[in-house]
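Visitor: Before we start, here is the structure in question, set down as structure tokens.
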Amino acid sequence: MRIGILGGGQLARMLGLGGIPIGAKFVTLDPAADACAAVVSEHITGNYGDISILERFASKVDVITYEFENVPAKSVKYLAEKKPVYPSPAALEVSCDRLKEKTLFRDLGIGTPNFSAVGNIYELKSAAREIGLPSVLKTRTLGYDGKGQAVLRAESDIEAAWERLGGVNCILEAFVPFTREISVIAVRSCTGEIIFYPVSENTHKNGILHKAVCTPDDPMQKAAEEYSRKLLEELDYVGVLALELFEANGKLLANEIAPRVHNTGHWSIEGANTSQFENHIRAVMGLPLGDTSPVEFSAMVNFIGEIPDASSVLSIKGAHFHDYGKEAKPGRKLGHATVRRPNKKFMLEGLNEVLALVN
Ligand SMILES: Nc1ncnc2c1ncn2[C@@H]1O[C@H](COP(=O)(O)OP(=O)(O)OP(=O)(O)O)[C@@H](O)[C@H]1O
Ligand SMILES: [Mg+2]
């Protein structure tokens, strides 16, 4: 089966690496000619809004998926008239707009920080009074890696934050003094079967994911699964869905969803019986899903802006090195390492050895 992927970055590359062994062939579409997924696909260089490019892309594939949520909705709808698109355009529409996303959480009874839509500076001032400070102002669309957001700590921050985000439609949400951040990765097949990976505990640095530690038997596993299941069923979802959560006062609050494979699930390549990438491809191909249970204990560290040399990572016992083959730039995700070891304590020691290479 030929699978079209919108986007040709590292997620598309790892989807390719996960799907090729089970018989998938890939076509990627990305504006960059040097997209790093091109090594696993027939790569088309072109814009997502170019109808003739979309036509060519659709004609080459049996089914379409995507590696990021900021693909123009119009283009995805156009493609969906030609070939099946998974996850559906409806799921994409919700997850690329923070207001729709948080409204869906609320409608489904999923806990989420208090929030309010903000369309101008007056609404922002009144929302700040209602929600209180500190709070976080986020653009409704196009945010990623902490971009498109500003923390408001004092009333005097309000105008500058509004200007800095460009005066676009936003939401203001309560700042959550969380004890930790976790995420759950789920997969739903086209027959409605749902399976979950063990949650991971995530740490960010400068708004970008720094490390993710898989926590089998996490006390919040069941609660995270319940939230995720509601979303998967409501959206009649097919594929991998990531749900990011805050834990505060022993409760979970949903932060956001990603309708795709997710950075906090990269550990599953070596750390689970079936990786999130293979399972996403299985789901979109209509194949049975694979076992998500963990193999030993694992954690992942992102390489951002610079990447250690392969030998320094690979000399650490149980470490696996992933170099995305991208040009180094500040703030860019260039690769990651996963450490997998037979017990938690020993794994955390290995994690520290990897962290020492990047800190
Ligand atoms: N309401 C909040 N309260 C406290 N911290 C927050 C809040 N919203 C976001 N953050 C912090 O900022 C990080 C990035 O926010 P968010 O996930 O909303 O944006 P993003 O740009 O989509 O990030 P990513 O692409 O890394 O998922 C969160 O993981 C969390 O650490
Ligand atoms: Mg996030």
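The values are calculated or read from the model by the stated rules, or taken from the named source; none is laboratory data. Keep in mind that what you see is a predicted model, and the values were worked out from it rather than measured. Because the Cβ atoms are built from the backbone with ideal geometry, glycine has one as well, and the counts that use them run over all protein chains shown. The protein model used for the area step is the full one, side chains on, heavy atoms only, and it has no ligands, DNA or RNA in it. Shrake-Rupley method; radii C 1.70, N 1.55, O 1.52, S 1.80 Å.
Visitor: Exactly one condition in (1) of a type in the set (S, T, N, Q); (2) within 16 Å of Glu256 (Cα to Cα); (3) open to solvent by 10 Å² or more (accessible area, probe 1.4 Å) is not met by Ser183; state its number.
Guide: (3)
Visitor: Can I ask one more? Checking the condition assigned by TED's automatic domain parsing to the domain that holds Thr203, at pLDDT 95 or above and out of contact with any Phe, Trp or Tyr (no Cβ under 6 Å at 6 or more places or on another chain), which residue from Ala224, Ala248 passes?
Guide: Criteria check complete, one pass: Ala224.
Visitor: Does the range 263-275 include one or more residues that are charged (D, E, K, R), in contact (Cβ under 8 Å) with a residue 12 or more places away in the chain and more than 23 Å from Ala12 (Cα to Cα)?
Guide: No, the conditions are met nowhere in the range 263-275.
Visitor: For the range 186-229, which positions are in a helix (DSSP H, G or I) and either open to solvent by 20 Å² or more (accessible area, probe 1.4 Å) or not small (Gly, Ala, Ser) (or both)?
Guide: Gln221, Lys222, Ala223, Glu225, Glu226, Tyr227, Arg229
Visitor: Can you tell me which residues in the range 252-263 are near ligand 1 (Cβ under 9 Å from one of its atoms) and under 14 Å from Thr292 (Cβ atoms)?
Guide: Once the filter is applied, which keeps residues that are near ligand 1 (Cβ under 9 Å from one of its atoms) and under 14 Å from Thr292 (Cβ atoms), the range 252-263 yields only His262.
Visitor: Of all residues in the range 82-136 being among the hydroxyl-bearing types (Ser, Thr, Tyr) and within 29 Å of Ser156 (Cα to Cα), which is most open to solvent (accessible area, probe 1.4 Å)?
Guide: Among residues in the range 82-136 that are among the hydroxyl-bearing types (Ser, Thr, Tyr) and within 29 Å of Ser156 (Cα to Cα), the one most open to solvent (accessible area, probe 1.4 Å) is Tyr122.
Visitor: So which residues in the range 159-178 are within 16 Å of ligand 1 (Cβ to nearest atom), closer than 15 Å to Gly119 by Cβ and in contact with a helix residue (DSSP H, G or I) (Cβ under 6 Å, 6 or more places away or on another chain)?
Guide: Ile171, Leu172
Visitor: Could you list, in sequence order, all residues of the range 268-287 that are crowded, with 24+ Cβ neighbours inside 10 Å and either among the basic types (Lys, Arg) or within 16 Å of ligand 1 (Cβ to nearest atom) (or both)?
Guide: Gln276
Visitor: Being of a type outside the set (S, T, N, Q) and within 26 Å of the chain's Cα centre (by Cα) is the filter; apply it to the range 149-161 and report the residue that is surrounded by the fewest Cβ atoms within 10 Å (Cβ to Cβ).
Guide: For the range 149-161, the residue satisfying everything is Val151.
Visitor: OK, next. Using the structure shown, decide if Leu137 is within 16 Å of ligand 2 (Cβ to nearest atom) and touching a helix residue (DSSP H, G or I) at 6+ places or on another chain (Cβ under 8 Å).
Guide: Spelling it out, Leu137 is indeed within 16 Å of ligand 2 (Cβ to nearest atom) and touching a helix residue (DSSP H, G or I) at 6+ places or on another chain (Cβ under 8 Å).
Visitor: When the residues of the range 34-76 are narrowed to those that are closer than 19 Å to Leu235 by Cα and at pLDDT 95 or above, which ends up most open to solvent (accessible area, probe 1.4 Å)?
Guide: Checked the range 34-76; the qualifying residue most open to solvent (accessible area, probe 1.4 Å) is Glu67.
Visitor: Restricting to the range 288-307, count the residues that are among the small types (Gly, Ala, Ser) and buried (at least 22 other Cβ atoms within 10 Å of the Cβ).
Guide: Residues in the range 288-307 being among the small types (Gly, Ala, Ser) and buried (at least 22 other Cβ atoms within 10 Å of the Cβ): 2 in total.
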